[in-house]
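Structure, as structure tokens:
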Amino acid sequence: MSVFLLWTAFALPWFAATALWGRASRFTSGVLVAGCIIALSLHAISPERVIVASHLDGTRDPATIDFEYLKTLGVGAVVPLVERFDQIPPDEQILFEEQWEEEFGRERRSVAATVARWQGERAFESLRRR
């Protein structure tokens with residue numbers, strides 16, 4: 001389910017309960033609060049971390065893991081992949097390292113754009129030091 005659908009699932013009943021009953025000011029604040037709660041929840045849950053954990057939980061046959069898909073995930077997947085790097089076949093490890101070198105190996109920015117990027121940079125640096 002997309003995040004927008006989740007937000008809409010709240011917004012429509014909230015609209016019916018507020019704006020249709022003449023309390024439109026409550027609708028606006030409620031929808032904004034719901035949007036913030038959903039955004040913070042997604043940050044806390046970290047969907048990319050959950051995806052990596054479900055793929056590399058140890059119960060799957062390594063031959064059935066879709067590493068090509070894992071490579072398409074964003075910087076939020078770097079930390080859990082580094083944490084489970086020993087579960088990744090050596091030929092795939094090389095490809096992940098090359099991808100991360102391209103992503104993080106460039107000249108460092110003064111400030112990471114997101115917390116996930118900053119965590120990914122730190123995780124990649126720790127992997128380099130191994």
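Only one of the numbered conditions (1) loosely packed, with under 13 Cβ neighbours inside 10 Å; (2) assigned by TED's automatic domain parsing to the domain that holds Ala113 is not met by Ser25, and that is (2). The condition of being outside the structural domain of Ala11 (by TED's automatic domain parsing), touching a Phe, Trp or Tyr at 6+ places or on another chain (Cβ under 9 Å) and within 24 Å of Ser2 (Cβ to Cβ) holds for only one of Val78, Val115, that being Val78. Of the residues Val3, Val52, Val75, the single one that is on the phi < 0 side of the Ramachandran plot and at pLDDT 90 or above is Val52. Exactly one condition in (1) closer than 30 Å to Glu125 by Cα; (2) under 16 Å from the mean Cα position of the chain (by Cα); (3) of a type outside the set (Lys, Arg) is false for Phe104; which is it? Condition not satisfied by Phe104: (2).
The values are calculated or read from the model by the stated rules, or taken from the named source; none is laboratory data. This one's a predicted model, so the numbers in the text were calculated from it and none came from an experiment. For neighbour counting, all protein chains shown are included, and Cβ atoms are generated from backbone atoms with ideal geometry for every residue, glycine included.
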